[in-house]
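As structure tokens, the structure follows; a few thoughts come after it.
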Amino acid sequence: MKFAIITHVAHVHDKNEYLAYAPYVQEMNIWFKYVDEVIIVAPLKIELTEIDIPYKHSKIDFRNVPDFNLTTFGNILSSVFKLPSIIWKIFRAMQNADHIHLRCPGNMGLIGCFVQIFFPRKTKTAKYAGNWDPKSAQPWTYKLQKYILNNTFLTRNMQVLVYGEWNGNSANIKPFFTATYSSSEKENIQKDSLDSGVKFIFVGSLVSGKNPMYAVKLIQKLLEEGNNVSLNLYGEGSERNSLENYIQTNKLENHIVLKGNNNKEILKEAYKKSQFVILPSKSEGWPKAIAEGMFWGSVPLATKVSCVPFMLDYGKRGILLEMDLEKDFQTIQGLLSNEDDFSAKSNAALNWSQKYTTDIFEAEIKNLLSK
């Protein structure tokens with residue numbers, strides 16, 4: 001089988017290997033086990049980062065396209081000159097492929113949504129990694145992708161993998177999940193008592209959409225009220241400088257630390273040592289940081305976006321943040337004062353998340369590709 005991926009994820013070519021963002025590549029390497037050849041249509045970048053890893057496949061045909069976006073008038077204007085080449089490369093890749101795979105939402109996914117209309121008989125899948133909730137506020141380009149993918153006249157012979165179950169979906173849509181850890185990695189985790197100090201962890205890009213500053217202010221509030229708490233933030237992004245300045249200005253260096261980007265093994269150990277994982281994000285699909293933390297018994301604190309309420313069983317497996325500092329402080333303070341409630345939530349989180357392993361994920365992918 002010749003498998004074509006259309007993705008906005010930026011890649012690096014280094015030492016005869018193609019590398020990209022680790023969680024994405026780890027997932028695609030599972031798909032690659034069941035295909036003979038791979039065509040990748042994506043942009044290239046220059047800088048290799050610590051969270052880039054290589055694909056595992058011997059036959060990769062990489063077709064470089066320029067990066068583009070539609071966020072400003074100037075960008076739209078420059079994109080007009082790039083689009084003919086991009087559309088042609090996507091069309092040719094789909095023409096050459098036995099199976100077409102779109103990564104959405106994203107600019108490349110948007111173009112892919114239009115081009116795949118011309119291949120109604122080819123087998124197709126799409127991974128919609130964003131928030132599929134039809135009531136959520138989203139960019140028009142995201143809504144357009146969702147409309148095309150959900151429309152059974154425009155999009156045929158397609159299975160669209162989405163997070164959560166929502167009303168109004170067509171036969172194209174398949175509720176799905178993602179996974180980081182295998183069944184063999186499961187452990188009997190015993191969290192430290194809350195009396196010995198409480199560790200919080202934030203994992204994600206340090207950008208406004210992930211709201212790391214809110215996590216910092218929550219920990220600051222808990223400290224001011226006499227709690228023995230700490231927060232480690234893993235990730236990089238445009239908010240790093242403002243976070244550093246805030247931490248220094250408020251003398252929080254002994255309790256809140258920016259750890260930068262780290263690999264899977266370091267994050268795994270950090271999750272194990274943390275009693276809570278926090279992600280006050282404005283928008284998510286399937287938040288990997290929350291699912292990963294839950295796998296190791298960390299109680300999740302997350303916003304009510306996308307399928308997060310389902311993941312947290314509407315508060316039974318964690319705390320759904322209101323994004324009101326005083327209200328959220330009071331809820332967390334109440335849990336810190338009740339070790340039994342914390343243990344119940346921790347165990348519920350672990351038992352739920354450990355059902356979603358890479359073994360089960362791989363079996364589902366194999367089934368998708370066999371159809």
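What follows draws every value from the coordinates through simple rules; no lab data is involved. Everything numeric in this text was worked out from a predicted model, so none of it was measured. Positions of Cβ are generated from backbone atoms using ideal geometry, with glycine treated the same way; all protein chains shown enter the neighbour counts.
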Discussion item. Using the crude model of +1 on Lys and Arg Cβ and -1 on Asp and Glu Cβ, and no other charge, please compute the dipole size for region 183-353 relative to its Cα centre, in debye to 20.
Written reply: 380 debye
Discussion item. In the chain, if the dipole is taken from +1 on Lys/Arg beta carbons and -1 on Asp/Glu beta carbons about the Cα centre, which of LEU222, ILE319, TYR356 is farthest to the positive end?
Written reply: TYR356
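Can you compute the helix-only [θ] at 222 nm over the chain? Use -39500 (n - 2.57) per DSSP H run of at least 4 residues, normalise by all residues, nearest 500 deg cm²/dmol.
Numbers: 12 runs with 140 residues, N = 371.
Mean residue ellipticity, 222 nm, calculated: -11500 deg cm²/dmol.
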Worksheet item: Can you list the lysines whose alpha carbon is less than 16 Å from that of LYS59, not counting same-chain residues fewer than 8 positions off?
Response: LYS2, LYS15, LYS33
Worksheet item: Relative to the first principal axis of the alpha-carbon coordinates of the chain, what is the inclination of helix 264-273, with its axis defined by its Cα atoms, in degrees from 0 to 90 and to the nearest 10?
Response: 30 degrees
Discussion item. Positive end of the dipole of region 183-353, charges at C-beta (+1 Lys, Arg; -1 Asp, Glu), about the Cα centre: which of GLN333, ALA270, ASN254 has its Cα farthest in that direction?
Written reply: ALA270
Worksheet item: So how do 356-363, 159-166, 286-293 stack up, highest first, on mean other-Cβ count within 10 Å?
Response: 286-293, 159-166, 356-363
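With +1 assigned to the C-beta of every Lys and Arg and -1 to the C-beta of every Asp and Glu, and no other charges, what is the dipole magnitude of region 280-371 about the Cα centre in debye, to the nearest 20? It would help to have the intermediate numbers written out before the result.
On the way: 10 positive and 13 negative charges, 79 e Å.
Roughly 380 debye for region 280-371.
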Worksheet item: From largest to smallest, what semi-axes in whole angstrom does the chain give when each is the square root of 5 times an eigenvalue of its alpha carbon gyration tensor?
Response: 37, 22, 20
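Would you please give the FRET efficiency between PHE62 and MET323, computed as 1/(1 + (r/R0)^6) with r the Cβ-Cβ distance and R0 = 41 Å, to the nearest 0.05? If you can, show how the numbers build up before the last one.
Numbers: r = 41 Å, r/R0 = 1.01.
Computed FRET efficiency for PHE62 and MET323 comes out at 0.50.
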Practice prompt. Treating the angle as unsigned and between 0 and 90°, give the value, to the nearest 10°, between the Cα long axis of helix 358-370 and the longest Cα principal axis of the chain.
Written response: 20 degrees
Worksheet entry | Student exercise, the chain dipole from Lys, Arg, Asp, Glu Cβ charges, in Debye to nearest 20 | 1560 debye
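Within 15 Å, Cβ to Cβ, of VAL203, how many net charges do the neighbouring residues add up to if Lys/Arg are +1 and Asp/Glu are -1? Walk me through the numbers on the way to the answer.
Values: positive: LYS199, LYS210, ARG240, LYS259, LYS264, LYS268, LYS272, LYS273, LYS288; negative: GLU50, GLU236, GLU239, GLU265, GLU269, GLU284, GLU292.
Around VAL203, the surrounding residues sum to +2.
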Discussion item. As I understand it, the dipole of the chain uses +1 on the Cβ of Lys and Arg and -1 on the Cβ of Asp and Glu, about the Cα centre. Which of GLY106, THR152, PRO43 lies farthest toward its positive end?
Written reply: THR152
Worksheet item: Expressed in nm to one decimal, what extension gain is obtained for the pair LYS45 and GLN330 from 0.36 nm per residue of sequence separation less their Cα-Cα distance?
Response: 98.1 nm
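Could you state the orientation-averaged shadow area of the convex hull built on the Cα atoms of region 183-353, in nm² to one decimal? Spell out each step's value before the answer.
Values: hull surface 36.0 nm².
Taking a quarter of the hull surface, the average projection is 9.0 nm².
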Worksheet entry | Peptides 170-177, 43-50 ordered by average Cβ neighbours within 10 Å, highest first | 170-177, 43-50
Fill in: Folded to 0 to 90 degrees: helix 212-224 orientation relative to the chain principal axis, Cα
10 degrees
